[in-house]
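Down below is the structure, laid out as structure tokens.
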Ligand SMILES: NC(=O)c1ccc[n+]([C@@H]2O[C@H](COP(=O)([O-])OP(=O)(O)OC[C@H]3O[C@@H](n4cnc5c(N)ncnc54)[C@H](OP(=O)(O)O)[C@@H]3O)[C@@H](O)[C@H]2O)c1
């Protein structure tokens, strides 16, 4: 199958392209660095020719409210239009567990807009809701740092390794469209503040992490279960400590 991966140079996209090729598919990594831009339409018609599936794992270069909304609205509109012209039969998009509960956040309003456009289009689709990536924990500390301390709400979350996300997206992309949302999550639950503290400790980052029930998560108020998937979620296999050991080893090798 020809499968075009939009955002194929990114964290998830690059892993996904490798996995799809290992399974014998013609996987095309498409992004501005390879001449395909979903904001301008550059390279899209050419890349989508003969494609059965398009997987959108792109992300906005800016997370500022207006910029991120513009990114997901424009890129999704362009993609769906070019996919209809090319006769693509399955649009797969990666989004986040709890997106519909996080509309106070500009980033999540943009993901809600992206999902709405996909659901309203005529193209069969699968939306994958993944929990936070382990790789994202340091960025979560950065966006939650007030210049003195990292403040995070001590709510539950169930993050997962990017590699497991890519495997799940690959399985869904090569199956039939579900015309709905599939949830994927990690194998263990943690408290957000606790895991970010452990990640910073492993990175020898001296910033103190405070459990603050009033702190926002990416600009949104969250409660105990806002970030955790439901009972039917597919679970990744990589435990946090295993990932930590593997990523430390990869860092040493690099
Ligand atoms: N972070 C989390 O914990 C989390 C959890 C669940 C779901 N997600 C979702 O996962 C998705 C992928 O995240 P990621 O961390 O893998 O992203 P990433 O590493 O930041 O990669 C972003 C990708 O988007 C591409 N891109 C940027 N502008 C583009 C454009 N105009 N046209 C086409 N491609 C463009 C980039 O291409 P270039 O390299 O060529 O610039 C890059 O390949 C996001 O949609 C996010 O919402 C994230």
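What number of residues in the range 103-116 are away from the ligand (no atom under 14 Å from the Cβ) and either in a helix (DSSP H, G or I) or crowded, with 17+ Cβ neighbours inside 10 Å (or both)? Let's see the steps before the verdict.
Step one: list which residues in the range 103-116 are away from the ligand (no atom under 14 Å from the Cβ), which gives 103-104, 116.
Next cut, either in a helix (DSSP H, G or I) or crowded, with 17+ Cβ neighbours inside 10 Å (or both) only: 116.
The total comes to 1.
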Legend entry - Count - residues of the range 65-75 that are surrounded by fewer than 20 Cβ atoms within 10 Å (Cβ to Cβ) and within 12 Å of the ligand (Cβ to nearest atom): 3
Inset, instruction - Taking the options 138, 119, name whichever one is surrounded by fewer than 18 Cβ atoms within 10 Å (Cβ to Cβ), in contact (Cβ under 8 Å) with a residue 60 or more places away in the chain and not in a loop (DSSP other than H, G, I, E, B). - result: 138
Legend entry - Residue within the range 1-16 that is more than 7 Å from the ligand (Cβ to nearest atom) and farther than 19 Å from residue 125 by Cβ present: yes
Inset, instruction - With the condition kept exactly as written, say whether any residue in the range 34-52 is near the ligand (Cβ under 10 Å from one of its atoms), at pLDDT 95 or above and within 21 Å of residue 179 (Cα to Cα). - result: no
Inset, instruction - Evaluate the range 195-208: report whether one residue or more is surrounded by 15 or more Cβ atoms within 10 Å (Cβ to Cβ), in contact with a strand residue (DSSP E or B) (Cβ under 6 Å, 6 or more places away or on another chain) and touching a residue at least 60 places away in the same chain (Cβ under 8 Å). - result: yes
Inset, instruction - Can you confirm whether the range 18-32 contains a residue that is surrounded by fewer than 17 Cβ atoms within 10 Å (Cβ to Cβ), within 9 Å of the ligand (Cβ to nearest atom) and at pLDDT 95 or above? - result: yes
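Looking at the range 76-102, which of the residues that are part of a loop (DSSP other than H, G, I, E, B) and surrounded by 21 or more Cβ atoms within 10 Å (Cβ to Cβ) is farthest from the ligand (Cβ to nearest atom)? Lay out the reasoning, then the answer.
Pass one, the range 76-102, residues part of a loop (DSSP other than H, G, I, E, B): 87-89, 97-98, 102.
Still in the list and also surrounded by 21 or more Cβ atoms within 10 Å (Cβ to Cβ): 88, 97-98, 102.
Values: 88: 16, 97: 7, 98: 10, 102: 11 Å.
Among them, the one singled out is 88.
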Inset, instruction - Specify which of the listed residues (150, 184) is at pLDDT 95 or above, away from the ligand (no atom under 14 Å from the Cβ) and surrounded by 16 or more Cβ atoms within 10 Å (Cβ to Cβ). - result: 150
Legend entry - Criterion: within 15 Å of the ligand (Cβ to nearest atom), in a loop (DSSP other than H, G, I, E, B) and free of Cβ contacts under 8 Å to residues at least 24 places away in the same chain - qualifying residue of 62, 58: 62
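With the condition kept exactly as written, say whether any residue in the range 98-120 is within 22 Å of residue 243 (Cβ to Cβ) and at pLDDT 95 or above. Explain how you work it out, then say what you get.
Going through the range 98-120, the residues within 22 Å of residue 243 (Cβ to Cβ) turn out to be 98.
Now narrow it down to the ones that are at pLDDT 95 or above: 98.
Scanning the range 98-120 turns up at least one residue that is within 22 Å of residue 243 (Cβ to Cβ) and at pLDDT 95 or above.
The values are calculated or read from the model by the stated rules, or taken from the named source; none is laboratory data. What you see is a predicted model; the values in this text were computed from it and never measured. Glycine gets a Cβ as well: all are built from the backbone with ideal geometry, and neighbour counts include every protein chain shown.
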